[in-house]
Structure formats: structure tokens, C-alpha cells
Amino acid sequence: MIKNYLKIAWRNIIKNKVYSALNILGLSAGMAVALLIALWVSYQYSYDKFLPDNGRLYQVMRNFNSNGDTLTFSSTSLKLADALRNSIPEFAHVAETDGQGAHGLMVGNKKFYLYGIQAGGDFLKMFRYLFINGNANVALKDPFSIVLTESTAKALFGSTDVINKMVRVDNHDNLKVTAVIKDLPENSTFQFKYLIPFSYYEATQGYVKRSRTGSFGNNGYAIYAELKPGASFAAVSAKIQNIEKGETNNLNAMNSNVILYPMLKWHLYSDFKNGKAISGFIDYVRIFTLIGALVLLIACINFINLSTARSEKRAREVGVRKAIGSQRRDLIFQFLVESALITFIAFLFSLLFVQLALPAFNSLTGTVISIPFGSPVFWMVMMACVLFTALLAGSRPAFYLSSFNPVKVLKGTIQVGKSASTSRKILVVTQFSCSIALIISTVIIYRQIQYAKNRPIGYQISRLMTTEVNSDLSHNYDALRNDLLQSGVVTAVSTSTSPTTTVWAHTDLDKFPGKRPGETVEMGTITVSDDYFKTLGMKILSGRDFTPGMKADTNNVVFNEAAIKRLRLTDPVNQIITWNQQQYRVIGVIKNALMDSPYKDADPTMFTFSANAANFNLIYQLSPNINTHQAVEKLTQIFNKYNPAYPYDYRFVDQDYNWKFSQEVLVGKLAGIFAGLAIFISCLGLFGLAAFVAEQRTKEMGIRKVLGATVAQVWLLLSKDFILLVIISCVIASPLAFYFLQKWLLKYDYHISIGPGVFIISAIIAVVITLLTISSQAIKAALANPVKSLKTE
């Protein structure tokens, strides 16, 4: 029986090649989009799940009560790490890190500048990466040791058999290799090329060692912890919440609640509100999940409309089958089998489309997605989805076609097709409403990105470069700076403790004029050297800049406008503030600069001065008259002179700044691509319906032409119904899109307002696309010879 159904279904597919092709192409495109998005969503949810016991891994963070507002910070103190390690027995492991930074690695004449982490001894005991050589018990135990990833070991030594071999770090110390681990997968939150024991950090940096016995308020480190099996997350959270509050002489500690942030939320939930992770990249995952479902729905609507539109062709077949004894359930099953066959063929094409699209998609999204052909689970899920799609797309045609009365059909007294016209129109409006909403979304996302990109930054990022300062560059800074300025390649040079486009440190002021009892002020803090504001092109609004070489300026500070507003200072210059129990004089105020998010207001920021330039980032402005390529060649020679042990490493600040838009740009590109595919699929259905209508009204068009109708009038007659449906779709899509996009924009402090123009433009685009789609069929019908169309059989 099934074989007979399949044979009939195949014959119907072959007999109606054009409509079958439209159905298969539309369904395959919709299924390809849905599959591609499903693979991408699955990849996003897979982050860090390759690690054993990932559900027991956490980052320790702080909720800081800032005058009633709860701010969440990942920076913590070494004192907190020791307190958790010594007083909370429910923790199996606790490890501190200094975050991720670049260091020079050298073996013989092989030199690399790579990113790594300085991590506590328990780090590899909780994050159990695969070991090639060594184990977690010996790795990170010796302060003067190093753990390499597989690719780093091969780059330095040409092999992974490197235990006890030496690597020179920052041209300062030789560290012994104690372990080699497998390269971290792309879906790992941590991405590093090596690990250095945190104990080495303490042994070589006196201020780090002093932080152990310092204050809970000395926050500059990251802490990770693993709960013991069976330990209660809720119970431990309650125990650690107030652990810092015992330090009653520190306002920062008194206002901090310690929290645990689950590892499985790190990738998708990064935005905190009122102390809880509520959003982040998960918003975009949900958006694209919805888009995938909508595109597949649009494809299914095409199938339904084309199948029911062709009902007149199948009516006599249904009538004959019922007359000779077929039951309605047999006919329903037959049509569902036909739907399943078309859907399965479309699925095979969708696999081909996805496979062809994956290289470009991976390049665009920065992922390593592939179709898991060898996974039984994948095929089970896909077959379930194929059956679901077949039922979704085929149910209405099956039940509609099988409902025909055989007597009326065979007598010719039933007018099939017209009874389904209303439902077809509703479905067309539905699919075009979805497509138009996607068009509107793409336009709004693009406008929001451009709006933020065109926002005044507050400093000059064009031709501004930065290099991380290692020990050699720091020791030779004065000579390096002189050579750079005398070379004519750069016009200004400075250093700072934060990159130009990020503020690494945030601290509290102890006292300031007008401070209210119990009030706290959290602000960004950057230590800079000579000519910092000149190098970046920041504008001094009042007071003065730090004076080059003046050691007295180490007791002075410069605030930005946002800080002055936050401190409520009406005449800030020469005011005295207290920070870290030391008094500072305000000597200047600079114009606000966007050093963090381009979508938010500038953060309150305080700049302090360091005459010895022992900072982390070297910043230099290229001369406007020199070619960038030539500049890099000359800079390489100068940097190699003072840092011969490692290759010259640099970044352009404008590239770092543009990276801040990467997430929104990616979302905009994907939304545009999927909106285009949704429109394409909708137009396939529209094309099929236009062809059907033109065929159905052939004689009518012939009569109208004989009576004097022009080609334009016939074209308009056939087109106006479709245009009306698209206009109705615009009316429905616009308020829905406005509602959801307005909610999306409100997550940004700096955002566009949605005016009527975007809806008008989207409507015009939709109408033009519709006209282009249906005009070929409408004009073909209008140009047909009326003599041929009026001939009777």
C-alpha cells in the first residue's frame, strides 16, 4: 500500500514539474535556513559543556550597592580568594587568575607573542582540559614553570614531548614546562596558549604579593571555584554573601555581596541587572531561533497555498477515487505521503545548501559549525523535523482536498478553489507580514549601528596605535620614546594602565567635597604618563594637563565631565579628594570620551599621573604625512632595537573600537541575509499563485482584451489583489516590528528613535518586490492572443 502511495505521489510530482519545483525549492530554502540557525544555536549552547562537572564550576563575583543601585563586578581580591579557600569547606577547589594578557615566549631563535593566563594551582583541577603530557597535580605547582597548549608546544619545540624543557618568558625568566594540554576547542570561554602559575606572578611582582594581606577592596583579580559533589549552591551562596562585610573600615567591602556565577551562563548571559544575569548573547540566540521558525513557517505556507490553489486539478481525481470506494482517511494518508515525499526531497536539498553555505557562514560568524552526519541523534532529530514539517505543510491540503463531494465534483457543480481563497489570502498576509517585519528589523539594526558609529568619540582614533608594554620596553621607555619622536613617524607618545578603548580598573573615592553619609562613588581609574591627553587628542575643558616630568603631579588628578557631574562639583579645579587614603588635588577637567561602550554615556573616570611610565599600554599617534605601511616598517626597526627578544606587536585603536560593534554588525548581517531569504521564499509562492491565477482567468482576460482592455489594464487587474495583500501585511507587520524593536533599542542608553520613514521604505521595498515577482505572469497573460484563449475544446 505504501509503495502504491509513493508511486502515485512521485507521478504527481513529475507531472506538475513547475509547481513541484517551486514547492521543493521553497521548502528546501526554508529548511536550510532553519537547519543553519539550529546548528548555530546548538553551538552557542554548547559552550564549556565539554568540561567534566561543568555544572559545579563558578566564577566568584561581587554585587556592589552603589547608593541603591546594584552594580556587578567580576574583579575580586586575593584576600577573598584565601577566605573562600580557608573558610568554605563546600568548595573542592578555588583558583585565582590575573585575567588574560600577552607575554613573549622564546625558545632559541623562535619568538612568539601569545595570550595566556597566570592561574592558581587548582585551576587545572577544576577546569579539566585534556592532558597530552603531565597532569593537574604537577602542573602549576612550581612557581617557575609553564603549561603549554599543543599548538604552542609544537610552535616552540616542534613536538609535544617537551616536559622539563625551558621557555624564556618576557626575556626575563626561564620557566620549565611541566605539562602540555590539548588545544582548547572554539566553544570554550577560556582561550589561552599557555598557563603560568599565579605563584610566579606573586614572586616577581611585589604588589601582587602584598595584595594577599591587603583589603577586600583591592579588587583586580578573577576567582573561580568548584563546588564539591552534593554541595548546595543555595547554601554556599548564603554563606559567602556577606563574607567581605566583616571589614568594617572599608566602604567597598561593606557594600559588596559575594555571588557565584555559573559557568554554563558565562557565554550567553553577560548583562546583569539588579545583581542577576538576565540577558546578553542569549537575546540574539532567541531572536534567530524565532527567525528560523518564521522562515520555515513561510516555506510551509507556500506549500499549503500552492497545493490548495491547484485543487481544481486534483478535484476529479478525488471524486473518482471516492466513487470507486476510497475512504477519506485513505485520501488524507495519500496526500500526507505526497507531502512527506516532497518534504524529504526538500530536506536532501537543504543539506546540500547548508553544506555549501557553511564555509561562508563560519567565516562570517567566527564559528566552526559542521553538519554532524555521523551522529545518530542528529538523524533522529532531523527525521522528526521532516515529519513535523510534512504534517505542518501537508495537513491542510490533505484535509481540504479529501473533503470534496464526489457527486458534485463529477457533475461539475462544485467550484473548487474559491472556497479556499480567503484562507490563502490570510496565509499570504501572514508570510509577508513575517518577511516585512524582518526587512524593518534589518533596517533598524543597520541604522542603530551607524548612529553609534557616527557618535562623537571624544578622542582621535584615526592613526592611533597601541602596543602592550613588556619589561624590556618599560626599562627602555625613555630612549624608545625619544627615538619614536625623532623618527618623524609619530607625533606623540604616552602610556596608560588601560587600553584606549577599555577601562580596566574601577575604584571608590574615600572623600570628596559634598559627600553624603554612606555615599559611594564607583568610577574608572586610569594612570597615565606624559602627553596622554595630547596623544589621544582629548580636550581640556578647564584647568591644566599633567606637566611632563613633574613628580608633584603624582598627587594630582584629572576628571572627565561625567565624574564632575557625578561628584556634584560646581568649581572642581583645586578641590581636594581622598583616594586610597591619600589626598589628591583636582587640576583639570577633560571632555567626555567613549572609552567603554559606544552605546552608553561616558563613565565617570579619574586620571592619575605616573612619572616612571611603568604602565601596561604604549600609545602613539602616527604622523599624518606618512604612509601606514612605511610607518609600520620604521616602527618595527625601532621596537626591535629596544625589544629584540620578541616580535613587534601592535594594534590600531580604530580597529579595537570598531570591534565593539562586532556583535551588532553580525546580527545585522544575519538578519539581512535571512530577511532576503524569507522574501525569496515568499516570492516563490507568490510567483506560483500568480501563475495559477493567470491560468485560471485566461478566458476572462481574452474577453476583456476583445472588448478593448489594454495590456496595462489587464496587468493591473491581475496585480492589484496581490498588492492589496502586501499592503495589508505592511499594516500588520509595522506595529509588531515597532513593539519588539523598541524593546531591543531600550537596552542601549544611546539609541535611535523609530520614525515612520523606516516603515514607508520597507513597504515600498515589499511592494516593488511583489510587482517584480508577479509582473512576469501578469504581463504574459496580458500579452496572450485572445483568439487562442477563447477557443473552446
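What single numbered condition from (1) open to solvent by less than 40 Å² (accessible area, probe 1.4 Å); (2) closer than 20 Å to Thr70 by Cα fails to hold for Leu227? Going through (1) open to solvent by less than 40 Å² (accessible area, probe 1.4 Å); (2) closer than 20 Å to Thr70 by Cα one by one, Leu227 breaks only (2).
Going residue by residue through segment 16-30, is there one that turns out to be within 26 Å of the chain's Cα centre (by Cα), at pLDDT below 95 and crowded, with 22+ Cβ neighbours inside 10 Å? Checking segment 16-30: at least one residue is within 26 Å of the chain's Cα centre (by Cα), at pLDDT below 95 and crowded, with 22+ Cβ neighbours inside 10 Å. Would you check if Ala222 is more than 20 Å from the chain's Cα centre (by Cα), of a type in the set (Gly, Ala, Ser), modelled with pLDDT of 90 or more and part of a strand (DSSP E or B)? In short, yes. Determine, yes or no, whether Gly549 is assigned to a loop (DSSP other than H, G, I, E, B), of a type in the set (Gly, Ala, Ser) and more than 21 Å from Ser610 (Cβ to Cβ). Here the answer is no, as Gly549 does not meet what is asked.
Can you find even one residue in segment 325-340 that is at pLDDT 75 or above and closer than 30 Å to Tyr43 by Cα? Among the residues of segment 325-340, at least one is at pLDDT 75 or above and closer than 30 Å to Tyr43 by Cα, which makes the answer yes. Among the residues of segment 349-370, the ones that are surrounded by 14 or more Cβ atoms within 10 Å (Cβ to Cβ) and more than 18 Å from the chain's Cα centre (by Cα) come to 6 in all.
So, Phe399, is that one open to solvent by less than 20 Å² (accessible area, probe 1.4 Å), under 30 Å from Leu724 (Cβ atoms) and either modelled with pLDDT under 75 or out of contact with any Phe, Trp or Tyr (no Cβ under 8 Å at 6 or more places or on another chain) (or both) or not? Here the answer is no, as Phe399 does not meet what is asked. Which numbered condition in (1) open to solvent by less than 40 Å² (accessible area, probe 1.4 Å); (2) touching a strand residue (DSSP E or B) at 6+ places or on another chain (Cβ under 7 Å); (3) among the hydroxyl-bearing types (Ser, Thr, Tyr) is the only one that Tyr642 fails? Unmet condition: (2).
Take the conditions (1) farther than 30 Å from Glu522 by Cβ; (2) of a type outside the set (Phe, Trp, Tyr); (3) not in a loop (DSSP other than H, G, I, E, B); Thr160 misses just one of them, which is (3). Restricted to segment 645-669, and to residues there that are farther than 18 Å from Tyr115 by Cα and charged (D, E, K, R), the residue that is least open to solvent (accessible area, probe 1.4 Å) is Glu664.
Can you find a residue in segment 273-282 that is β-branched (Val, Ile, Thr) and farther than 26 Å from Val41 by Cα? Looking for residues that are β-branched (Val, Ile, Thr) and farther than 26 Å from Val41 by Cα, one finds none in segment 273-282, hence no.
For segment 35-46, the count of residues that are closer than 30 Å to Ile298 by Cα and in contact with a Phe, Trp or Tyr (Cβ under 6 Å, 6 or more places away or on another chain) is at least one. Within segment 42-66, the set of residues being open to solvent by 20 Å² or more (accessible area, probe 1.4 Å), in a helix (DSSP H, G or I) and either within 25 Å of Thr365 (Cβ to Cβ) or of a type in the set (Val, Ile, Thr) (or both) comprises Ser42, Tyr43, Tyr45, Asn54.
Here the condition is being part of a loop (DSSP other than H, G, I, E, B), more than 30 Å from Gly68 (Cβ to Cβ), modelled with pLDDT of 85 or more and among the small types (Gly, Ala, Ser); of Gly488, Gly514, it holds for Gly488 alone. Checking Ala505 against (1) of a type in the set (Gly, Ala, Ser); (2) closer than 30 Å to Ala253 by Cα; (3) modelled with pLDDT of 90 or more, which test does it fail? Result: Ala505 fails condition (3) only. Taken over segment 93-135, the criterion of being closer than 25 Å to Ser77 by Cβ and in a loop (DSSP other than H, G, I, E, B) is satisfied by Gly120, Gly121, Asp122, Phe127. Residues that are within 30 Å of Ala32 (Cβ to Cβ) and among the β-branched types (Val, Ile, Thr) were ranked within segment 668-720; the one that is modelled with the lowest pLDDT is Val693. In segment 675-687, of all residues being open to solvent by 10 Å² or more (accessible area, probe 1.4 Å) and not β-branched (Val, Ile, Thr), the one that is farthest from Phe303 (Cα to Cα) corresponds to Gly676. Residues in segment 555-580 that are open to solvent by 50 Å² or more (accessible area, probe 1.4 Å) and under 17 Å from Ala505 (Cβ atoms): Arg566, Asn580.
Checked against (1) out of contact with any helix residue (DSSP H, G or I) (no Cβ under 7 Å at 6 or more places or on another chain); (2) open to solvent by 40 Å² or more (accessible area, probe 1.4 Å); (3) at pLDDT below 85, Phe373 meets all criteria but (3).
The values are calculated or read from the model by the stated rules, or taken from the named source; none is laboratory data. This is a predicted model, so every value here is computed, not measured. Positions of Cβ are backbone-derived with ideal geometry, glycine not excepted, and every protein chain shown enters the neighbour counts. Accessible surface areas use protein heavy atoms only, side chains included; no ligands, DNA or RNA. Shrake-Rupley method; radii C 1.70, N 1.55, O 1.52, S 1.80 Å.
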